[in-house]
Each structure stands twice: as structure tokens, then as C-alpha cells.
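Novice: Could you have a look at this structure, given as C-alpha cells, before my questions?
The values are calculated or read from the model by the stated rules, or taken from the named source; none is laboratory data. Keep in mind that what you see is a predicted model, and the values were worked out from it rather than measured. Positions of Cβ are backbone-derived with ideal geometry, glycine not excepted, and every protein chain shown enters the neighbour counts. Heavy atoms of the whole protein, side chains included, go into the accessibility calculation; ligands, DNA and RNA do not. Shrake-Rupley method; radii C 1.70, N 1.55, O 1.52, S 1.80 Å.
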Amino acid sequence: MLPIVVVLFDGLADRAHAVLKGRTANEVARTPNLDRLVATGSCGVLYAVGPGRAPSSEVAHWSMLGYRPDEFPGRAVFEALGRGQEVSDEHVFAYAALRPAEWREDGWWLSGRPDPHRDAEDAEALVKACDDLEVDKLIFSLTHVWRGEAVLRIGGGADDRVSDSDAFYRDRHPVLRPLPLVAEAERTARAAEEWTRWTMEILAEHEINQRRAEAGLPVFNVITLKWWGRPKQVPTFLERHGLQGTFIGDSSFLQGLARTVGLETHSAPESASPESDLARRLDLIDDRLAAGDTFVFAHQKATDAAGHTKDPLVKRAVIEALDVPLRARLPVDRAIVCITGDHATPASPDVIHSGDPVPFVVAGPGVRADNVRRFGELDCASGILGQLRGPDMMPVLLNAADRPLFLGSRPTPFDGADGYPAVLEPLT
């Protein structure tokens, strides 16, 4: 049996662009090392949720790591865990964001966000002013994390099935009313609306905002809520897949996701040099394999950030830079190695993410080479693995690593187990 390594480039996939003569950034980038990997491995394309579905990173990762939607606790829980906060299913969590908003005839419209340097001190103080408020016997507690953003913890019997007040597209929709998804969440939704209005009154009267208005600076007068959730008990990665290992990355919420499923986490900050950042991740992968990990997952966000520039040439350049460290650095001689992404972040048009296909490559000892010779969406789509969905990733990798659970056998009591059982209770 072999260990498994996943190198995931966030937002890797793209759409075709006129400036690239009808191709994607992956398809035109000069990537000799990725092409070499492709030529020795099995290829396909992946939809983390499904064709046309545009997932957030946390939803995509959750699916790809083999966990079901009904087990998903909500990103706010990941945010809390990733920042070292204790969580309990006695509380409901949401992610709160302090924002400036202007009134129009159809509601409050967001007009920006605090500057992480100039506004940091004011934003944190304003968030603190809205901490520990009680509405209908529900306690709303805020823990500031950065730039006026905070984890909201609600105690007193709250329900997490409430809609977001942050519509995400601030140029298309105003701040929204929190609404219950089910009848049982009516009390929490009403309390969240009342809390929102109460915090707006606190912010409007606060001396910091009065001073900012006099100085001609943006006034932060609303706190939006999104990513509601509650901690849930789920099988660990070892219980579900028979693997134990490490998540390597910079993102706090993905570190929180990894901790939720029992993976160790190793913080790997990202810089202005994607090439150097990836080289450090590859070194850490070697270290973890040498330490005996059977699963190592390395995440890098540079491709997602490049897509958000909305410049296809920038995304192509980043992909080319990431290709450089891959020469002779991937452990394909001693592990099953997968390179893929979680979703598409197109360099145009103006969408956050899209549901386009993501290149998916698997290589390593015993992996069959197909006829694909170049890395990219269109080429990989003709590979032997075909079109995969997120839940297919772990079974495909476990199979390649000679670790599949023989279906029809039930040696483990853990729900959804699909890997060679590593946690067993012997009869003594």
C-alpha cells in the first residue's frame, strides 16, 4: 500500500478567453513539468459538486475529502477552529463582517470594507462595542479576527438554519433580512434581524464613527452575517478512509476544516512568490512522508488570487511559475500523487467562482498512463478517468494506492468508510 499526496491549486480551472485565442490559462501556459506528469499518469476532469455548480472552497474541499453535505458544519465553524477557538454544538456560529453601507430607497447597500492597515484599530473597537448582546434570551458574542471581521457565537438554544444577510454581490443586492430555512429557526432569524438593527444603532452613535465622519473617512455602520453552522460529529479521516496525515496551507478556514476531520495542520504562509511557496510545500510533503504520514494534502491559493485579478495573462503567468518547482520534486516514485483544483476561478467574466471542469491528474507507482500529453482542461477531459465529481476523488486515490475497501465487506462500523480499514477492534 502506498501513501497519497494531493497538491491542490485553489481556483485552478479557467474559462476560454479571446486574449488567449479561445483557450484557458492552463491550456496556453508553458508547463513542461506538469506535461511530463500528465504523460505518465491517468487524467480526467473534476466537478467538486457537479457540472455548472460553482462551489465555495470549503464546500468543494469537504466534498473532495469524502464528506457528505448533511455532515457539513458550516464555514463559520471552520473559521473558529482554524483560529484556535473552542467550539461546541451548544452554540451556533456565523461569520460577521463590519462594513460601510449607504441607504438607498430599496435598502442598505455595502460600499466597501475596512482597510486592514488604516482602519484596523477602529474596526476592532467597533466590533467589541457590539459584543455580548442578548436578544430573546439568545446571547450574541463576537470574537474579532481581523479587519472588522469576527466569529459570531450564539448561545441559548439557537438554530443554525438561517439565511445570510450578506448577499456576496454588493453591486447587485442590498443587505438582506435573515430568514429561517425551517420553521424551527424562526426565533433565531428574528433575533438575528433584531441584533443587526441594534448593532446598527450602536455603530451609528459610536464616537469612533462620529470622528471618522468628521474626518471624511468611511463610516462602518452595519455588520453582515454569513456561513451559519453548528459543529457536528463526523468520522475522522482515519475512520473514513484508513489514512492519517497532514494538511499544509495558509488558509485559516481550511485548517479548521482539516482539524474537523482529524488531520494535523501545518501553517505555510503564502508570499508574492508562488514558485517559492510551492517549493516550501514540496519540502514539507517530503518531511511528512518521511515521518510516516499516509496522506498529505498541500493547498496553495495563488491560482485563485490570479483568477480574481480578472486578467488571463496574470493567471497564465502564475501557472507557469508554479510549474517550475515541480521538476523532479514530486514523490511519484513512492506515493500516489494527485494534482488538481477545487473549482474554477475564471479570469473573466466578473464571477467569483464557476462550475467549469477542473484538470485532475494522478501519477505514481502502478498508475496507468493514458493518451493525454498536455496539462489543461480540454486535454485532461479526454483522459481515462473521464468526468469525476468531488466524492469520487478519495475512492480513485485509495484504489490507486492499493487501499480500497472491498465493497461487500463490513469490517468497520464507521459511516461512509471507503478505504482499507485502519481502525479495527480485535476480538480478544
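Novice: Considering every residue within the stretch 287-299, establish whether at least one is open to solvent by 40 Å² or more (accessible area, probe 1.4 Å), basic (Lys, Arg) and either in contact with a Cys (Cβ under 7 Å, 6 or more places away or on another chain) or closer than 28 Å to Val396 by Cβ (or both).
Specialist: Checking the stretch 287-299: at least one residue is open to solvent by 40 Å² or more (accessible area, probe 1.4 Å), basic (Lys, Arg) and either in contact with a Cys (Cβ under 7 Å, 6 or more places away or on another chain) or closer than 28 Å to Val396 by Cβ (or both).
Novice: What pairs come out if I take residues in the stretch 353-365 that are farther than 12 Å from Glu377 by Cβ and pair them with residues that are aromatic (Phe, Trp, Tyr) and open to solvent by 20 Å² or more (accessible area, probe 1.4 Å) whose C-beta lies under 6 Å away, six or more apart or interchain?
Specialist: Between residues of the stretch 353-365 that are farther than 12 Å from Glu377 by Cβ and residues that are aromatic (Phe, Trp, Tyr) and open to solvent by 20 Å² or more (accessible area, probe 1.4 Å), there is no close pair.
Novice: Checking the structure you have, find out if any residue of the stretch 299-308 is closer than 30 Å to Phe414 by Cα, of a type outside the set (Asp, Glu) and out of contact with any Leu (no Cβ under 8 Å at 6 or more places or on another chain).
Specialist: Within the stretch 299-308, none of the residues are closer than 30 Å to Phe414 by Cα, of a type outside the set (Asp, Glu) and out of contact with any Leu (no Cβ under 8 Å at 6 or more places or on another chain).
Novice: Go through the stretch 265-275 and count every residue that is over 19 Å from the mean Cα position of the chain (by Cα) and open to solvent by 50 Å² or more (accessible area, probe 1.4 Å).
Specialist: 2
Novice: List the pairs whose first member sits in the stretch 329-347 and is within 17 Å of Asp35 (Cβ to Cβ), whose second member is surrounded by fewer than 22 Cβ atoms within 10 Å (Cβ to Cβ) and of a type in the set (Gly, Ala, Ser), and whose Cβ atoms are under 9 Å apart, counting only residues at least 6 apart or on separate chains?
Specialist: Partner pairs satisfying both residue conditions: Arg329/Ala279.
Rundown of residues vs (1) more than 17 Å from the chain's Cα centre (by Cα); (2) part of a helix (DSSP H, G or I); (3) aromatic (Phe, Trp, Tyr), yes/no style:
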residue	(1), (2), (3)
Leu282	yes, yes, no
Ile285	yes, yes, no
Asp293	yes, no, no
Ala298	no, no, no
Leu313	yes, yes, no
Ala317	yes, yes, no
Val324	yes, yes, no
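Novice: Also, I was wondering about something else. So Asp342 clears everything in (1) of a type in the set (Asp, Glu); (2) more than 25 Å from the chain's Cα centre (by Cα); (3) buried (at least 20 other Cβ atoms within 10 Å of the Cβ) except one condition, right? Which one?
Specialist: (2)
Novice: Here are some residues: Ala363, Ala302, Ala306, Ala369. Which one is buried (at least 22 other Cβ atoms within 10 Å of the Cβ) and either touching an Asp or Glu at 6+ places or on another chain (Cβ under 8 Å) or more than 21 Å from Arg30 (Cβ to Cβ) (or both)?
Specialist: Only one candidate qualifies: Ala302.
Novice: Still on this structure, please answer the following. Out of Val362, Val367, which single residue is aliphatic (A, V, I, L, M), touching a Ser or Thr at 6+ places or on another chain (Cβ under 6 Å) and not in a loop (DSSP other than H, G, I, E, B)?
Specialist: Going through Val362, Val367 in turn, the sole match is Val362.
Novice: Still on this model: Conditions first: (1) closer than 17 Å to Met200 by Cβ; (2) free of Cβ contacts under 8 Å to residues at least 40 places away in the same chain; (3) surrounded by 13 or more Cβ atoms within 10 Å (Cβ to Cβ). Ala97 passes all but one, so which condition is the exception?
Specialist: (2)
Novice: Say we look at the stretch 345-356 and pick out the residues that are buried (at least 19 other Cβ atoms within 10 Å of the Cβ) and not acidic (Asp, Glu); which of these is nearest to Leu289 (Cα to Cα)?
Specialist: Going through the qualifying residues, I end up with Thr345.
Novice: Here's something else I'd like to know. Just to be sure before I move on: is Gly256 on the phi > 0 side of the Ramachandran plot and in contact with a Phe, Trp or Tyr (Cβ under 7 Å, 6 or more places away or on another chain) in the structure I sent?
Specialist: no
Novice: Ok, one more. Quick one: what pairs do we get from the stretch 65-87, first residue free of Cβ contacts under 8 Å to residues at least 40 places away in the same chain, second among the hydrophobic types (A, V, I, L, M, F, W, C) and open to solvent by 10 Å² or more (accessible area, probe 1.4 Å), C-beta under 6 Å, 6+ apart or different chains?
Specialist: From the stretch 65-87, no pairs qualify.
Novice: Among the residues of the stretch 403-426, is there at least one that is buried (at least 19 other Cβ atoms within 10 Å of the Cβ), more than 28 Å from the chain's Cα centre (by Cα) and farther than 24 Å from Asp304 by Cα?
Specialist: Yes - at least one qualifying residue is present in the stretch 403-426.
Novice: Right, another one. Out of the stretch 201-259, which residues are among the basic types (Lys, Arg), surrounded by fewer than 21 Cβ atoms within 10 Å (Cβ to Cβ) and touching a Gly at 6+ places or on another chain (Cβ under 8 Å)?
Specialist: Matches in the stretch 201-259: Arg230, Arg259.
Novice: Go through the stretch 322-339 and report how many residues are open to solvent by 10 Å² or more (accessible area, probe 1.4 Å), within 18 Å of Asp293 (Cα to Cα) and either modelled with pLDDT under 95 or touching a strand residue (DSSP E or B) at 6+ places or on another chain (Cβ under 7 Å) (or both).
Specialist: Adding up the residues that qualify gives 3.
Novice: So the check is Cβ under 9 Å with 6+ separation or different chains; which pairs have a first residue in the stretch 386-397 that's in a helix (DSSP H, G or I) and a second one that's open to solvent by 50 Å² or more (accessible area, probe 1.4 Å)?
Specialist: Gly390/Val49; Gly390/Val59; Pro391/Arg68; Pro395/Pro404
Novice: OK, next. Restricting to the stretch 201-237, count the residues that are over 20 Å from Asp119 (Cβ atoms) and in a helix (DSSP H, G or I).
Specialist: 2
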